[in-house]
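A short worksheet on the structure shown next.
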Amino acid sequence: MTSPTSVLPPDAPAWPADIYRTLRERDIKQVSYVPDAGHKHLINMCHADNQMKVVTLTTEEEGVALACGAWLGGERSVLLMQSSGVGNCINMMSMLKTCQFPFLTLVTMRGDFGEGNPWQVPMGQATKAVLEAMGLIVYKVERPEDVGPTVDMAAQIAYDSQQPVAVLIGQKVIGAKKFVKKG
Amino acid sequence: MAGTQMMHRRDAVRALFDPRGDVLVVVGLGTSVGDMVTTNGEHPLNFCMAGAMGGACAMGLGLALAQPEKRAVVITGDGELLMGLSSLATIGAKRPANFALVVTDNERYSETGGQRTVTADGVDIATMAKGAGFRDTMVVREEGQLAAARKMMREAPGPVCIVLKVDPENLPAVARTRDGAWGKNRFREALLGKI
């Protein structure tokens, strides 16, 4: 099999491959996502890996329930989403606390640092508070070199200590999306 | 269509799950839990929800993917399913061969006072499941179909969707445990030998 990292374009940043390798090392078997541009390289690598079961969701809350079902069946999973998707997950996250499910989500931020689309700002600014209100442990990453090690420790506390954990990957890492200016 | 011949939900569920065999079951919140506790007792491989409405199908998908050699069944009501309706598409696209969905459709939100769901106005769950990519679907309106429904649920290549059209009767509440951590841990212990 060709290495899944070979699907990356030459100009891809290093941190998505760092996440991918960490997920493999931590025995994450199910990857569910609603796509985000910030996660595109990671998603492509997961699709190229025939050892990973990749599920395209229609809405992020499905990924919370999916992760719990995976754990019931003995598999570790990760939910990839954009910060706006966190709002879609709120009530479903009640299952994490009530049933003490381990849970790992990697959230690429919008509405965060230098956002150019005002519609993204309310949810982006509320993301951390919403996750903490639902009982998740939140690690935020602002430097590309910290992404891989942070995901590694998030997976450790999630699956060795059975905690629900979110890693927020800030727009300082991803870069703010460019918009065509009007006027 | 208030007929006198409508199936009773507990009879229909019993026909599908007694004997239950070794299926892995996710039970959506509401009256479905009472149906399953009445049928199987608090069986460790029936994971019963009491919240997270709309999540039963997606939870069943994660379970089905993790245990491809076992049969994963979701049983839930029409109201619970409708809240997570788009998970039909997620499941239909992924096409897990070991997945079966049973919807006990009484056209009512029976836990909150019997208000009509949209299925009472003609929304057709089986047709939507077919359109979402389920391999086969079946609408069960009479007891004579239940043997075939049981066979489809247990053996047919999935994903399959069985809709039980049942009487919107009021049934007494069933005593059960709502400790979700207990439910999760005993499920894993029974299936995996560890929690």
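The values are calculated or read from the model by the stated rules, or taken from the named source; none is laboratory data. As the structure is a prediction and not an experimental result, all values here were calculated from the model. As a convention, Cβ positions derive from the backbone with ideal geometry for all residues, glycine included, and neighbour counts pool all protein chains shown. The area values use the complete protein model at the heavy-atom level, side chains included, leaving out ligands, DNA and RNA. Shrake-Rupley method; radii C 1.70, N 1.55, O 1.52, S 1.80 Å.
Below, the figures for the structure above:
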read-out: Probe 1.4 Å, protein heavy atoms only - accessible area per residue of the stretch A:123-183 in square angstrom; value: 53
read-out: Inter-chain Cβ neighbour average for residues A:90-102, partner chain, 10 Å; value: 5
read-out: Estimated dipole of the stretch B:9-192 in Debye, rounded to 20 [Cβ of Lys and Arg +1, of Asp and Glu -1, Cα centre]; value: 500
read-out: Between the stretch A:81-150 and the stretch B:1-45, the alpha-carbon center distance in angstrom; value: 37
read-out: Rounded FRET efficiency, nearest 0.05, which uses the C-beta distance separating residue B:173 from residue B:20 and R0 of 30 Å; value: 0.85
read-out: Charge sum, other residues only, whose C-beta stays under 10 Å from residue B:66's C-beta, Lys/Arg counted +1 and Asp/Glu -1; value: +3
read-out: Paramagnetic reach from residue B:69 (point 7 Å along Cα→Cβ, amide N under 19 Å) across the stretch A:75-89; value: A:75-76
read-out: Prolate/oblate/rounded call for the stretch B:9-192, Cα gyration tensor, a/c under 1.5 rounded; value: rounded
read-out: Greater than 21 Å apart at Cα, pairs in A:53/B:151; A:53/B:70; A:97/B:184; value: A:53/B:151
read-out: Peptide A:71-83 - average C-beta neighbours from other chains (10 Å radius); value: 4
read-out: Accessible area buried, both sides summed, chains A and B with 1.4 Å probe, Å²; value: 2100
read-out: For residue B:22, net neighbour charge (Lys/Arg +1, Asp/Glu -1) across residues whose Cβ lies under 12 Å away; value: +3
read-out: Among B:81, A:83, A:151 the positive-end extreme of the charge dipole of the protein assembly as shown (Cβ point charges); value: A:151
read-out: Shielding score for A:24-31, defined as the mean number of other chain Cβ atoms within 10 Å; value: 1
read-out: Mean separation of Cα contacts under 8 Å, 6 or more apart, over the residue count of chain A: relative contact order %; value: 22
read-out: Spin-label model distance (nm) - residue B:148 vs residue A:117, 7 Å beyond Cα toward Cβ; value: 4.8
read-out: Cα gyration tensor shape for chain A, rounded if a/c is under 1.5, else prolate or oblate; value: oblate
read-out: Dimensionless Rg ratio for the protein assembly as shown, taking C-alpha atoms and the 2.2 N^0.38 Å reference; value: 1.02
read-out: 222 nm mean residue ellipticity, helices alone, for the protein assembly as shown (DSSP H n ≥ 4; -39,500 (n - 2.57); rounded to 500); value: -11500 deg cm²/dmol
read-out: Accessible carbon and sulfur surface of the protein assembly as shown relative to its total accessible area, %, 1.4 Å; value: 52
read-out: Whole-number percent relative contact order across the stretch B:9-192, with pairs defined as alpha carbons under 8 Å at least 6 apart; value: 25
read-out: Kyte-Doolittle at least -1.0, axis length at least 18 Å by Cα - qualifying DSSP helices, chain A; value: A:60-72, A:121-133, A:144-160
